[in-house]
Amino acid sequence: MWKFLSASALLALFSVTHPALAAAPTPEKAAAAQRVLRKEVEVKAPRAEVWRAFTTAEGARTFFAPDARIELRPNGPYEVYFDPKAPAGSRGCEGCRVLSYVPEEMVSFTWSAPPDQPETRWQRTFVVVQLADAGKGRTRVRLTHGGWKEGAEWDKTYAYFDKAWSFVLGNLQKRFESGPLFGTGTAPAPAAARKHYVYFLRPARAGFFKQATPDEEKAVTEHVRYIQQLMAEGRLVLAGPAFDPPQYPEDNPRAISLDLPTPGIVVFEAEGDDEARRILEGDPAVKAGVFMGRVNPFKLAFLRE
């Protein structure tokens, strides 16, 4: 049987251990302090593996973001880089720190708003991740996000993370169901050690472009995020749809691969054929069966500077 601290108990704990984060000297601030975000999911993995996912840079790279810097010690860095190539200060959660932890049970760390919310960006909140056995090799994960303040800008940040944490925990579930979302969990190999590949996509359903279903639209949205993550990792060369493709005679062998209704084209880098296939198969729209795809080696012969 698993058991978690309640949100009120966590707030009381942080008011003692981290007064600068949880202090509420006025009624208005007290009301804001009681506002918390809480998300729970069940993950198909033992608690030790989920713990590594949250508390090591290698683990975070498999579901959280393309890169991270995490040192599990009090006041150690807990930085998660959603856009590693962005200028310093715009990469993700920068300057955040580990607050406390109980091995394989709880880790807490400071957190920040995204770069496009400058009014709240550098005013730290805190996140607590609790883990508990859920039986049959599964783990129950509870994430609590507190330390909120009052005002319209804070309402905007709260609404952002209400969606963002659902997305992150969904990625955590996917990571243990179908493999790492951002490469292998290690930093990408140098560009010189990689090869170029191209994958082609086309809709699995003929009427997709006339009227996509809500599930198809969701898969395409996740597909776009996936391509953006490839770009953030430094793997993407180019990507986009081709419009109004020419028609080829049925006896033309090129029709097998090129006669596609508005095919999507993704040129990227991978360490080898196996990883290239994993990248194609990791595309959320391919996994959902919304797009059909194939991957081929690609020789980048000419590139405009």
Residue in region 254-266 that is modelled with pLDDT of 90 or more and not assigned by TED's automatic domain parsing to the domain that holds N171 present: yes
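Of all residues in region 219-240, count the ones that are aromatic (F, W, Y) and over 16 Å from F200 (Cα atoms).
Going residue by residue through region 219-240, those that are aromatic (F, W, Y) are 226.
Now drop any that are not over 16 Å from F200 (Cα atoms), which leaves none.
Within region 219-240, residues that are aromatic (F, W, Y) and over 16 Å from F200 (Cα atoms) number 0.
Kindly indicate the residue of region 31-80 that is of a type in the set (V, I, T) and part of a loop (DSSP other than H, G, I, E, B) and also farthest from D162 (Cα to Cα) among those meeting that condition. Full working, then the answer.
To start, the set of residues in region 31-80 that are of a type in the set (V, I, T) comprises 36, 41, 43, 50, 55-56, 62, 70, 80.
Going one step further and asking which of them are part of a loop (DSSP other than H, G, I, E, B), we end up with 36, 56, 62.
Working: V36: 10, T56: 24, T62: 22 Å.
So the residue we want is T56.
So how many residues does region 109-149 have that are free of Cβ contacts under 8 Å to residues at least 40 places away in the same chain and in contact with a Phe, Trp or Tyr (Cβ under 7 Å, 6 or more places away or on another chain)?
So the first thing to find is which residues in region 109-149 are free of Cβ contacts under 8 Å to residues at least 40 places away in the same chain, and the list is 109, 111-112, 115-116, 118-123, 127, 135-136.
Adding the requirement that they be in contact with a Phe, Trp or Tyr (Cβ under 7 Å, 6 or more places away or on another chain) leaves 109, 111-112, 120, 127.
Count: 5.
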Odd one out for A86, checked against (1) closer than 27 Å to D283 by Cα; (2) surrounded by 18 or more Cβ atoms within 10 Å (Cβ to Cβ): (2)
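From the set of residues in region 231-245 that are within 22 Å of L303 (Cβ to Cβ) and among the charged types (D, E, K, R), which is modelled with the lowest pLDDT? Write out each step before concluding.
Here is the first cut: in region 231-245, the ones within 22 Å of L303 (Cβ to Cβ) are 231-242.
Pick out the ones that are also among the charged types (D, E, K, R) and you get 233, 235.
Numbers: E233: 68, R235: 81.
Going through the qualifying residues, I end up with E233.
Among the listed residues Y248, Y197, identify the single one that is in a strand (DSSP E or B) and either among the aromatic types (F, W, Y) or at pLDDT below 80 (or both). Walk me through how you get there before you give the answer.
Values: Y248 fails: in a strand (DSSP E or B).
Exactly one of Y248, Y197 is in a strand (DSSP E or B) and either among the aromatic types (F, W, Y) or at pLDDT below 80 (or both), namely Y197.
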Boolean, K174 is closer than 28 Å to L238 by Cβ, part of a helix (DSSP H, G or I) and either of a type in the set (D, E) or touching a residue at least 40 places away in the same chain (Cβ under 8 Å) (or both): yes
Region 269-282 residues that are of a type in the set (K, R), paired with ones that are surrounded by fewer than 21 Cβ atoms within 10 Å (Cβ to Cβ) (beta carbon under 9 Å, 6 or more apart): R277/V295; R278/G179; R278/P180; R278/T184
Conditions (1) part of a strand (DSSP E or B); (2) farther than 16 Å from A60 by Cβ; (3) in contact with a Ser or Thr (Cβ under 8 Å, 6 or more places away or on another chain): number failed by R142: (3)
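Among the residues of region 266-305, count how many are charged (D, E, K, R) and part of a loop (DSSP other than H, G, I, E, B). Walk me through it before giving the result.
Going through region 266-305, the residues charged (D, E, K, R) turn out to be 269, 271, 273-275, 277-278, 281, 283, 287, 294, 299, 304-305.
Okay, now just the ones that are also part of a loop (DSSP other than H, G, I, E, B), so 271, 283, 299, 304-305.
Residues flagged as charged (D, E, K, R) and part of a loop (DSSP other than H, G, I, E, B) within region 266-305 amount to 5.
The values are calculated or read from the model by the stated rules, or taken from the named source; none is laboratory data. Here the structure is a predicted model, which is why all the values come from computation and not from measurement. Backbone-built Cβ (ideal geometry, glycine too); neighbour counts: all protein chains shown.
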